[in-house]
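A.B. asks: One structure, as structure tokens, below. Some questions next.
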Amino acid sequence: MSKIATAISKIRKTSTVNKGVALVVFLAIVVVGYMQLHIAASGFFVATEPEAGSLRGNSKMVSDASASGGKAIQFTAPITQPPPVTPPASGWPDATNTGYEPTGVTLHTCATNITVSGTYDSCQFNGDVDIRASNVHITRSLINGGVGAGSGGAGEQSGLVISDTTINCGCQSQDDVHTPSAIDEANYTLLRVNLYNSGHGAAVKSNVTIQDSWIHGLGGNTEAHKDGIFSGDGTNVTIKHNNIECNDGSKAGCTSAIGLLTDFANITYYTIDNNLLNTNGASCFYAWGGPNKNPLYHSNHITFTNNHFGRKINGKCGSNGPVAYWDASQAGMVWSGNVWDDTGASVSPD
């Protein structure tokens, strides 16, 4: 403020002819002073003589020998929010547009037991992540383990979103009976997730969205049943624009890329749109469990549209062909626009 006062004094002493020039100088000093203050306030700065009171927002108490009482308040930069949800720039999801790696973020270690709602950004979770709070958002992170989202029971979490994150489960099948999943089972969303190194990719029940994600690297080369996405029952699920493959080795324990297998109850109101499917298993898509399952359970209201059947692993997208057990007689079944990925030729469920 002393600079401004000096400028005013000079203006008063200036001749009438030079007052216009002096006024311009004065305004320039004011603008420069404001810009300096604004720039300082936008970054990290310290108030060196804090009064007694409570701290709020982006502030904390630090030691400062030059301040009164040897303490000062430091104001930190605001927390950066995760990027908005956008699909991959082009093509199918892969290493270039899924996981934390393309974001360039620097990771820091986070606890694997999450009991508080909120956003967990740029975390490295070293072990299985247990979600015990609702409305958790994990973004731009690495999970070295599986994710327990619960089965949708009373008191379990809801609203889990995992985006721009790599899930390296480290949980491939170790015998011919057991098949761990990288994530299960209800009330979660995966966006641009790179998921691999598990038995099943994602176990799905109800209220799940999987979009713009890459599910691959599954197996353990055992005879245990495996799927890229597995469902035994559930409702209200969207699986959209993913690259999904189940290719577990010479023992061919994979059943499908997407398996709606009605093991435990009916499967209803699933929307499966614009995915790339590959497998070395029986069929790329199982629409229900088939006649050898419990006859009381079936799939209905399944919308299967615009999907691509690939020949990357098997020329028929499965040893038995691309599709198994599509039952058009069930209510609400929609099949449309499904093609071979290499030729664009239509694929019939018959």
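A.B. asks: From (1) part of a loop (DSSP other than H, G, I, E, B); (2) more than 23 Å from residue 180 (Cα to Cα); (3) touching a Pro at 6+ places or on another chain (Cβ under 8 Å), pick out the condition that doesn't hold for residue 134.
C.D. replies: Among (1) part of a loop (DSSP other than H, G, I, E, B); (2) more than 23 Å from residue 180 (Cα to Cα); (3) touching a Pro at 6+ places or on another chain (Cβ under 8 Å), residue 134 violates only (3).
A.B. asks: While we're looking at this one, here's another question. Considering every residue within region 160-178, establish whether at least one is under 20 Å from residue 274 (Cα atoms) and not small (Gly, Ala, Ser).
C.D. replies: Yes, there is a match, as at least one residue in region 160-178 is under 20 Å from residue 274 (Cα atoms) and not small (Gly, Ala, Ser).
A.B. asks: Which members of region 198-217 meet the condition of being assigned to a strand (DSSP E or B) and crowded, with 24+ Cβ neighbours inside 10 Å?
C.D. replies: 198, 200, 201, 202, 203, 204, 208, 210, 214, 215
A.B. asks: Working only within region 276-313, note down all residues that are polar (S, T, N, Q) and closer than 13 Å to residue 233 by Cα.
C.D. replies: Hits for region 276-313 are 294, 299, 300.
A.B. asks: When both residues are 6+ apart or on different chains and their Cβ atoms are under 8 Å apart, which pairs have a first residue that lies in region 159-185 and is without any contact (Cβ under 8 Å) to a residue 12 or more places away in the chain, and a second that is of a type outside the set (A, V, I, L, M)?
C.D. replies: none
A.B. asks: Among the numbered criteria (1) over 22 Å from residue 152 (Cα atoms); (2) touching a residue at least 40 places away in the same chain (Cβ under 8 Å), which single criterion is violated by residue 193?
C.D. replies: The number of the failed condition is (1).
A.B. asks: Right, another one. Sort out which residues of region 172-184 are surrounded by fewer than 24 Cβ atoms within 10 Å (Cβ to Cβ) and under 24 Å from residue 243 (Cβ atoms), and write them in order of number.
C.D. replies: 172, 180, 184 - these are the residues of region 172-184 that are surrounded by fewer than 24 Cβ atoms within 10 Å (Cβ to Cβ) and under 24 Å from residue 243 (Cβ atoms).
A.B. asks: Also, quick follow-up: Which one of the conditions (1) more than 32 Å from the chain's Cα centre (by Cα); (2) surrounded by fewer than 15 Cβ atoms within 10 Å (Cβ to Cβ); (3) over 22 Å from residue 92 (Cβ atoms); (4) without any contact (Cβ under 8 Å) to a residue 40 or more places away in the chain does residue 327 fail to meet, given that it meets all the rest?
C.D. replies: Exception for residue 327: condition (4).
A.B. asks: For region 202-224, which residues satisfy the criterion of being closer than 16 Å to residue 143 by Cα, at pLDDT 95 or above and either in contact with a helix residue (DSSP H, G or I) (Cβ under 7 Å, 6 or more places away or on another chain) or of a type outside the set (S, T, N, Q) (or both)?
C.D. replies: Of everything in region 202-224, those that are closer than 16 Å to residue 143 by Cα, at pLDDT 95 or above and either in contact with a helix residue (DSSP H, G or I) (Cβ under 7 Å, 6 or more places away or on another chain) or of a type outside the set (S, T, N, Q) (or both) turn out to be 202, 214, 215, 216.
A.B. asks: Given the options 164, 212, 233, name the one that is in the same structural domain as residue 269 (by TED's automatic domain parsing), over 17 Å from the mean Cα position of the chain (by Cα) and among the charged types (D, E, K, R).
C.D. replies: 233
Rundown of residues vs (1) in a loop (DSSP other than H, G, I, E, B); (2) farther than 22 Å from residue 226 by Cα, yes/no style:
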residue: 145; (1), (2): yes, no
residue: 156; (1), (2): yes, yes
residue: 167; (1), (2): no, no
residue: 175; (1), (2): yes, no
residue: 184; (1), (2): no, no
residue: 189; (1), (2): no, no
residue: 196; (1), (2): no, no
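The values are calculated or read from the model by the stated rules, or taken from the named source; none is laboratory data. What you see is a predicted model; the values in this text were computed from it and never measured. Backbone-built Cβ (ideal geometry, glycine too); neighbour counts: all protein chains shown.
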